[in-house]
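J.: One structure follows; several queries about it will come next.
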Amino acid sequence: RNSLAAILNVKEYRSSESIPTSSEGSSCDDSTPGKILKNTSFKSSLGDANPSNTSKIIIVEDHKINQMVLTKLLEKLNFKNYVVFNNGKECVDNILNQSNILLIFMDLHMPIMDGYEATKIWREQEMDKRIPIIALTANASAENESVCINVGMDAMLSKPFRKQQLEILLSAWL
(Lines give C-alpha, C1' and ligand atoms only; values in the text may rest on other atoms or scores of the structure.)
Protein backbone atom coordinates (compact mmCIF):
# COMPACT_ATOMS: atom_id res chain seq x y z
CA ARG A 1 0.00 0.00 0.00
CA ASN A 2 1.20 3.48 -0.81
CA SER A 3 1.93 5.79 2.08
CA LEU A 4 2.41 9.49 2.63
CA ALA A 5 5.33 8.85 4.97
CA ALA A 6 8.00 11.20 3.61
CA ILE A 7 7.41 14.85 4.44
CA LEU A 8 9.09 17.53 2.38
CA ASN A 9 8.76 20.87 4.10
CA VAL A 10 9.36 23.49 1.48
CA LYS A 11 9.57 26.48 3.78
CA GLU A 12 12.58 27.87 1.92
CA TYR A 13 10.60 28.20 -1.30
CA ARG A 14 8.84 31.53 -1.03
CA SER A 15 7.14 33.64 -3.63
CA SER A 16 4.24 35.99 -3.81
CA GLU A 17 2.23 33.44 -5.78
CA SER A 18 0.18 31.22 -3.52
CA ILE A 19 -3.21 29.60 -3.52
CA PRO A 20 -5.45 31.05 -0.82
CA THR A 21 -7.00 29.01 1.90
CA SER A 22 -10.67 28.26 1.40
CA SER A 23 -13.12 30.00 3.67
CA GLU A 24 -14.17 26.58 4.99
CA GLY A 25 -10.66 25.63 6.07
CA SER A 26 -8.48 27.01 8.79
CA SER A 27 -6.83 30.28 7.93
CA CYS A 28 -3.16 30.51 7.07
CA ASP A 29 -1.08 33.62 6.69
CA ASP A 30 2.13 34.13 4.71
CA SER A 31 4.26 32.88 7.60
CA THR A 32 2.67 29.43 7.39
CA PRO A 33 4.63 27.30 4.93
CA GLY A 34 2.85 24.84 2.73
CA LYS A 35 4.08 21.27 2.88
CA ILE A 36 4.07 18.43 0.49
CA LEU A 37 3.63 14.92 1.74
CA LYS A 38 5.21 12.72 -0.86
CA ASN A 39 4.95 9.02 -1.49
CA THR A 40 8.51 8.10 -2.38
CA SER A 41 7.64 4.64 -3.69
CA PHE A 42 5.32 5.76 -6.51
CA LYS A 43 6.68 5.95 -10.05
CA SER A 44 4.59 7.42 -12.80
CA SER A 45 4.13 5.24 -15.84
CA LEU A 46 5.32 8.23 -17.86
CA GLY A 47 8.88 7.84 -16.58
CA ASP A 48 11.07 10.62 -17.97
CA ALA A 49 8.93 11.15 -21.03
CA ASN A 50 7.24 14.48 -21.54
CA PRO A 51 3.46 14.28 -21.31
CA SER A 52 1.68 14.37 -24.63
CA ASN A 53 -0.43 17.34 -25.61
CA THR A 54 -3.58 15.31 -25.03
CA SER A 55 -2.66 14.34 -21.46
CA LYS A 56 -4.34 16.46 -18.86
CA ILE A 57 -4.34 17.39 -15.22
CA ILE A 58 -7.67 17.23 -13.41
CA ILE A 59 -8.57 19.85 -10.80
CA VAL A 60 -11.46 19.07 -8.48
CA GLU A 61 -12.06 22.20 -6.41
CA ASP A 62 -15.26 24.02 -5.48
CA HIS A 63 -13.87 27.50 -4.79
CA LYS A 64 -13.58 29.61 -7.94
CA ILE A 65 -10.62 31.63 -6.63
CA ASN A 66 -8.69 28.46 -5.79
CA GLN A 67 -9.52 27.09 -9.25
CA MET A 68 -8.26 30.27 -10.89
CA VAL A 69 -5.04 30.45 -8.89
CA LEU A 70 -4.18 26.77 -9.43
CA THR A 71 -4.84 26.95 -13.17
CA LYS A 72 -2.71 30.11 -13.48
CA LEU A 73 0.16 28.46 -11.60
CA LEU A 74 -0.11 25.37 -13.79
CA GLU A 75 0.00 27.55 -16.90
CA LYS A 76 3.13 29.29 -15.60
CA LEU A 77 4.67 25.83 -15.26
CA ASN A 78 3.66 25.04 -18.88
CA PHE A 79 0.80 22.70 -18.00
CA LYS A 80 -1.89 24.13 -20.22
CA ASN A 81 -4.11 21.09 -20.64
CA TYR A 82 -6.35 20.74 -17.59
CA VAL A 83 -9.99 20.21 -16.73
CA VAL A 84 -11.71 21.76 -13.70
CA PHE A 85 -14.63 20.18 -11.83
CA ASN A 86 -16.59 21.80 -8.99
CA ASN A 87 -17.07 18.64 -6.92
CA GLY A 88 -16.15 14.98 -6.76
CA LYS A 89 -19.35 13.77 -8.41
CA GLU A 90 -18.72 15.85 -11.54
CA CYS A 91 -15.23 14.40 -11.73
CA VAL A 92 -16.21 10.76 -11.22
CA ASP A 93 -19.20 11.00 -13.57
CA ASN A 94 -17.22 12.61 -16.40
CA ILE A 95 -13.68 11.26 -16.48
CA LEU A 96 -13.48 7.91 -14.72
CA ASN A 97 -11.15 5.57 -16.65
CA GLN A 98 -10.07 8.03 -19.29
CA SER A 99 -6.55 7.05 -20.31
CA ASN A 100 -5.09 10.51 -20.84
CA ILE A 101 -5.03 11.74 -17.22
CA LEU A 102 -1.66 12.62 -15.72
CA LEU A 103 -2.66 13.58 -12.19
CA ILE A 104 -5.68 14.67 -10.13
CA PHE A 105 -5.71 17.55 -7.64
CA MET A 106 -8.57 16.77 -5.26
CA ASP A 107 -9.94 19.26 -2.74
CA LEU A 108 -11.15 17.42 0.34
CA HIS A 109 -14.20 19.46 1.36
CA MET A 110 -16.73 20.13 -1.39
CA PRO A 111 -20.51 20.07 -1.71
CA ILE A 112 -22.37 17.16 -3.36
CA MET A 113 -19.40 14.74 -3.14
CA ASP A 114 -16.23 15.45 -1.17
CA GLY A 115 -12.72 14.47 -2.16
CA TYR A 116 -12.59 11.47 0.16
CA GLU A 117 -15.65 9.82 -1.39
CA ALA A 118 -14.60 10.71 -4.95
CA THR A 119 -11.17 9.15 -4.35
CA LYS A 120 -12.70 5.96 -2.91
CA ILE A 121 -14.95 5.60 -5.95
CA TRP A 122 -12.07 6.40 -8.31
CA ARG A 123 -9.79 3.76 -6.75
CA GLU A 124 -12.53 1.10 -6.70
CA GLN A 125 -13.22 1.59 -10.42
CA GLU A 126 -9.76 2.47 -11.70
CA MET A 127 -8.79 0.06 -14.45
CA ASP A 128 -5.47 0.78 -16.09
CA LYS A 129 -2.57 2.61 -14.49
CA ARG A 130 -2.81 4.17 -11.05
CA ILE A 131 -3.34 7.92 -11.42
CA PRO A 132 -1.74 10.03 -8.68
CA ILE A 133 -4.38 11.81 -6.60
CA ILE A 134 -3.08 14.82 -4.67
CA ALA A 135 -5.18 16.09 -1.77
CA LEU A 136 -5.62 19.85 -1.56
CA THR A 137 -6.35 20.97 1.97
CA ALA A 138 -5.88 23.72 4.52
CA ASN A 139 -5.81 21.02 7.22
CA ALA A 140 -2.58 19.05 6.78
CA SER A 141 -2.85 17.32 10.16
CA ALA A 142 -1.59 13.80 10.87
CA GLU A 143 -5.18 12.62 11.33
CA ASN A 144 -6.21 14.07 7.97
CA GLU A 145 -3.13 12.50 6.37
CA SER A 146 -4.18 9.10 7.69
CA VAL A 147 -7.68 9.45 6.26
CA CYS A 148 -6.21 10.48 2.89
CA ILE A 149 -3.98 7.38 2.85
CA ASN A 150 -6.88 5.10 3.71
CA VAL A 151 -9.08 6.36 0.86
CA GLY A 152 -6.28 6.03 -1.70
CA MET A 153 -4.72 9.46 -2.09
CA ASP A 154 -1.04 9.59 -2.91
CA ALA A 155 0.10 12.98 -1.59
CA MET A 156 -1.12 16.09 0.13
CA LEU A 157 -0.52 19.72 -0.77
CA SER A 158 -1.32 22.14 1.99
CA LYS A 159 -3.06 25.41 1.12
CA PRO A 160 -1.83 28.05 0.78
CA PHE A 161 1.02 26.89 -1.42
CA ARG A 162 3.45 28.56 -3.78
CA LYS A 163 4.46 28.03 -7.38
CA GLN A 164 7.76 26.41 -6.39
CA GLN A 165 5.98 23.93 -4.13
CA LEU A 166 3.63 22.99 -6.94
CA GLU A 167 6.61 22.59 -9.27
CA ILE A 168 8.38 20.26 -6.82
CA LEU A 169 5.24 18.18 -6.40
CA LEU A 170 4.66 17.88 -10.14
CA SER A 171 8.26 16.89 -10.79
CA ALA A 172 7.99 14.21 -8.11
CA TRP A 173 4.82 12.65 -9.55
CA LEU A 174 5.12 13.12 -13.31
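J.: Accessible area of segment 89-174 with a 1.4 Å probe: how many percent of it is carbon plus sulfur? If you can, show how the numbers build up before the last one.
T.: Numbers: 1510 of 3260 Å².
Solvent-exposed carbon and sulfur of segment 89-174 make up 46 percent of the total.
J.: With a ≥ b ≥ c taken as the square roots of the eigenvalues of the C-alpha gyration tensor of segment 67-120, please select rounded if a/c is under 1.5 and otherwise prolate if a/b is larger than b/c or oblate if it is not?
T.: Values: a/c = 2.42, a/b = 1.44, b/c = 1.68.
Oblate is the answer for segment 67-120, as a/c is 1.5 or above yet b/c matches or exceeds a/b.
J.: Now, a different point. First obtain the Kirkwood hydrodynamic radius of segment 127-174 from its Cα pairs, then insert it into the Stokes-Einstein equation at 25 °C and 0.890 mPa s, and state the resulting D in µm² per second as a whole number.
T.: Details: Rh = 11.6 Å.
For the chosen part, D equals 212 µm²/s.
J.: With a 10 Å radius around each residue's Cβ, average the other Cβ atoms per peptide and rank 112-120, 65-73, highest first. Please list the in-between numbers first.
T.: Values: 112-120: 20.3, 65-73: 18.0.
The peptides rank, most packed first, as 112-120, 65-73.
J.: Is there a pair in LYS56/LYS80; LYS89/LYS163; LYS76/LYS159; LYS80/LYS129 whose C-alpha atoms are over 20 Å apart, and which pairs would that be?
T.: Beyond 20 Å between Cα atoms: LYS89/LYS163; LYS80/LYS129.
The values are calculated or read from the model by the stated rules, or taken from the named source; none is laboratory data. These numbers come from a predicted model, not from an experiment. Note that each Cβ is placed from the backbone with ideal geometry, even for glycine, and that neighbours are counted across all protein chains shown. Heads up: the accessible areas ignore ligands, DNA and RNA and are worked out on the full protein's heavy atoms, side chains in. Shrake-Rupley method; radii C 1.70, N 1.55, O 1.52, S 1.80 Å.
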